[in-house]
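Written out below as structure tokens is the structure these notes cover.
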Amino acid sequence: AQTVTQSQPEMSVQEAETVTLSCTYDTSENNYYLFWYKQPPSRQMILVIRQEAYKQQNATENRFSVNFQKAAKSFSLKISDSQLGDTAMYFCAFRSAGNMLTFGGGTRLMVKP
Amino acid sequence: SQTIHQWPATLVQPVGSPLSLECTVEGTSNPNLYWYRQAAGRGLQLLFYSVGIGQISSEVPQNLSASRPQDRQFILSSKKLLLSDSGFYLCAWSRGYSTDTQYFGPGTRLTVL
């Protein structure tokens with residue numbers, strides 16, 4: 001079974017600065033997808049970024065980028081130029097061909113003005 | 001574009017009462033559909049998923065059941081609610097192939113008293 005671990009329950013960052021959220025996972029599969037979802041106070045889950053395991057190039061979406069280290073089974077999220085609207089819970093998730101999306105426990109990010 | 005709806009947004013029910021939560025998807029056909037539960041301050045737990053009308057897979061034994069009477073409609077039910085059924089219920093959809101991104105609805109907050 002796959003597991004996803006987010007070792008930082010809470011983090012804070014000053015507005016306009018950069019923050020990195022950590023995620024590690026455990027799997028024996030070679031083909032899979034990794035995701036970061038954001039859950040603001042409204043509680044709707046919003047896709048932030050996704051990475052295909054077969055791609056070596058790290059995914060980037062505007063101010064959000066990942067550092068995908070397949071051998072180390074690490075998938076961290078970097079948020080640049082943090083904005084107040086980035087305050088949310090962030091969930092790392094893993095999905096393989098078995099249709100299961102496995103979530104980490106989440107990291108609560110607070111962006112301070 | 002595709003949209004996903006859930007209702008009701010909030011529900012307060014007494015222990016032992018029945019439950020019916022509805023999820024519908026627009027703008028796509030033959031989606032995979034999912035029900036998740038999120039306890040307060042925790043990650044998401046997959047409850048059910050469906051790859052087609054009448055096809056339901058259960059991931060955990062529980063007091064709940066799911067049905068898919070139409071292609072883009074997914075219903076979560078219970079005959080008798082328990083206190084432990086309280087939580088935030090999220091519906092999600094993805095395209096037919098197994099590693100595609102899941103997109104989430106706005107969720108239903110259920111409180112069982």
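Each residue in segment B:1-55 was checked for being in contact (Cβ under 8 Å) with a residue 60 or more places away in the chain, open to solvent by less than 60 Å² (accessible area, probe 1.4 Å) and among the small types (Gly, Ala, Ser), and 2 of them qualify.
Is it true that residue A:25 is modelled with pLDDT of 95 or more and over 25 Å from residue B:3 (Cβ atoms)?
Yes: the conditions hold for residue A:25.
Considering (1) out of contact with any Phe, Trp or Tyr (no Cβ under 8 Å at 6 or more places or on another chain); (2) farther than 18 Å from residue B:100 by Cβ, the lone condition that residue A:25 does not fulfil carries the number (1). Kindly indicate whether residue B:89 is within 12 Å of chain A (Cβ to nearest Cβ), at pLDDT 95 or above and open to solvent by less than 10 Å² (accessible area, probe 1.4 Å). For residue B:89, the condition - within 12 Å of chain A (Cβ to nearest Cβ), at pLDDT 95 or above and open to solvent by less than 10 Å² (accessible area, probe 1.4 Å) - is met.
Check whether at least one residue in segment A:51-62 is away from chain B (no Cβ under 14 Å) and touching a strand residue (DSSP E or B) at 6+ places or on another chain (Cβ under 6 Å), and report yes or no. So far as segment A:51-62 goes, yes, one or more of its residues are away from chain B (no Cβ under 14 Å) and touching a strand residue (DSSP E or B) at 6+ places or on another chain (Cβ under 6 Å). So for segment A:27-50 (the condition being part of a loop (DSSP other than H, G, I, E, B), within 12 Å of chain B (Cβ to nearest Cβ), of a type in the set (Lys, Arg) and more than 12 Å from the chain's Cα centre (by Cα)), does at least one residue qualify? Yes, segment A:27-50 contains at least one residue that is part of a loop (DSSP other than H, G, I, E, B), within 12 Å of chain B (Cβ to nearest Cβ), of a type in the set (Lys, Arg) and more than 12 Å from the chain's Cα centre (by Cα). The set of residues in segment A:77-101 being within 18 Å of residue A:26 (Cβ to Cβ) and surrounded by fewer than 21 Cβ atoms within 10 Å (Cβ to Cβ) consists of A:96, A:97, A:98, A:100. Taking every residue in segment B:98-112 that is at the interface with chain A (Cβ under 7 Å from one of its Cβ atoms) and pairing it with any residue that is modelled with pLDDT of 90 or more and not in a strand (DSSP E or B), at least 6 positions away or on another chain, the pairs with Cβ-Cβ distances below 7 Å are B:104/A:45; B:106/B:9. You will find that of B:58, B:50, B:78, the residue that is more than 23 Å from residue A:89 (Cβ to Cβ) and in contact with a helix residue (DSSP H, G or I) (Cβ under 9 Å, 6 or more places away or on another chain) is B:78 and no other. Contact annotation: residue pairs with Cβ atoms under 7 Å, 6 or more positions apart or on different chains, pairing a residue in segment A:29-53 that is under 16 Å from residue B:91 (Cα atoms) with a partner that is open to solvent by less than 10 Å² (accessible area, probe 1.4 Å) and assigned to a loop (DSSP other than H, G, I, E, B), are A:37/A:45; A:39/A:45; A:43/B:107; A:44/B:107; A:47/B:101. Considering only residues in segment B:61-89 that are touching a residue at least 60 places away in the same chain (Cβ under 8 Å) and part of a strand (DSSP E or B), the one that is farthest from residue A:38 (Cα to Cα) turns out to be B:78.
The values are calculated or read from the model by the stated rules, or taken from the named source; none is laboratory data. A quick note: this is a predicted structure, and the numbers were derived from the prediction, not measured. Please note: Cβ atoms are built from the backbone with ideal geometry, for glycine as well, and neighbour counts cover all protein chains shown. Heavy atoms of the whole protein, side chains included, go into the accessibility calculation; ligands, DNA and RNA do not. Shrake-Rupley method; radii C 1.70, N 1.55, O 1.52, S 1.80 Å.
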